[in-house]
Each structure stands twice: as C-alpha cells, then as structure tokens.
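The values are calculated or read from the model by the stated rules, or taken from the named source; none is laboratory data. From a predicted model like this one, the values you see are computed outputs, not experimental measurements. Quick reminder, even Gly has a Cβ in these numbers, built from the backbone with ideal geometry, and neighbours come from all protein chains shown.
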C-alpha cells in the first residue's frame with residue numbers, strides 16, 4: 001500500500017536538517033525498495049492556491065491556511081501496512097525538528 005509522508009517544519013527550522021541528510025535518507029529508502037518518490041518544496045511564500053467557485057477560477061498567493069508549520073516536502077512510499085509506514089517515517093531526518101504526517105493513498109475508482 002502507498003503512503004504519503006508529509007514533512008512539516010516551522011519556517012525558521014527549514015534548514016535545521018542538512019539537505020545531504022535528507023538526500024541520503026531518500027537514497028537508502030530507494031535502495032530498500034520502499035521509496036516511490038520524494039521531493040523538497042520551496043518556501044511557503046512561493047505557493048499559489050487555486051480555487052474554483054461558481055465556475056470561476058480564483059488564484060491567490062500563498063498557502064491555503066495560516067499555520068505555524070509549513071509543508072516542507074514529501075516522501076511517497078510503498079509499505080506493507082501502517083506500522084511499516086510509521087517505521088519509515090521515523091527515519092525521515094526532519095522528524096527530529098518538525099513532524100511527519102503519514103497518510104494512506106486512496107486509489108481513485110473510475
């Protein structure tokens with residue numbers, strides 16, 4: 001089953017974990033066959049939010065909500081179950097400074 005591990009950090013902690021550590025974590029997960037994809041995200045100030053209301057497109061700068069922590073990146077993994085996904089998430093370096101939300105991927109049905 002696929003799980004998305006969403007990495008959240010406070011803005012001042014975005015660089016608290018060196019990029020090389022996150023890259024090494026991703027490489028290790030890839031070698032073990034668990035990693036499907038992983039990417040770091042640019043700061044929240046670069047975000048754009050798109051909404052459609054009454055058939056009209058609305059575009060606003062920034063994230064959809066004001067929060068203390070911001071989405072900093074993600075790891076898409078393939079794990080046997082939630083327990084294995086949690087074990088993988090615990091190895092993601094930014095978990096030491098922020099948090100990693102683990103969510104099952106929902107398969108879309110035609």
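Applying the condition of being part of a strand (DSSP E or B) and exposed (fewer than 10 other Cβ atoms within 10 Å of the Cβ) to region 40-54 and asking which residue is modelled with the highest pLDDT yields 53. Residues that are within 16 Å of residue 26 (Cα to Cα) and surrounded by 14 or more Cβ atoms within 10 Å (Cβ to Cβ) within region 88-101 comprise 88, 89, 91, 92, 93, 94, 95, 100, listed in sequence order. Count of region 55-86 residues, restricted to those that are closer than 13 Å to residue 4 by Cα and in a helix (DSSP H, G or I), is 4. If only residues of region 87-110 that are under 12 Å from the mean Cα position of the chain (by Cα) and part of a strand (DSSP E or B) are counted, the one that is nearest to residue 16 (Cα to Cα) is 99. Taking region 5-17 as the search range and keeping residues that are in contact with a helix residue (DSSP H, G or I) (Cβ under 9 Å, 6 or more places away or on another chain) and assigned to a helix (DSSP H, G or I), which one is surrounded by the most Cβ atoms within 10 Å (Cβ to Cβ)? The qualifying residue surrounded by the most Cβ atoms within 10 Å (Cβ to Cβ) is 13.
Exactly one residue among 39, 31 is under 14 Å from the mean Cα position of the chain (by Cα) and farther than 15 Å from residue 69 by Cα, and that residue is 39. Among the residues of region 18-30, are any touching a strand residue (DSSP E or B) at 6+ places or on another chain (Cβ under 8 Å), assigned to a loop (DSSP other than H, G, I, E, B) and in contact (Cβ under 8 Å) with a residue 12 or more places away in the chain? No; the residues of region 18-30 include none that is touching a strand residue (DSSP E or B) at 6+ places or on another chain (Cβ under 8 Å), assigned to a loop (DSSP other than H, G, I, E, B) and in contact (Cβ under 8 Å) with a residue 12 or more places away in the chain.
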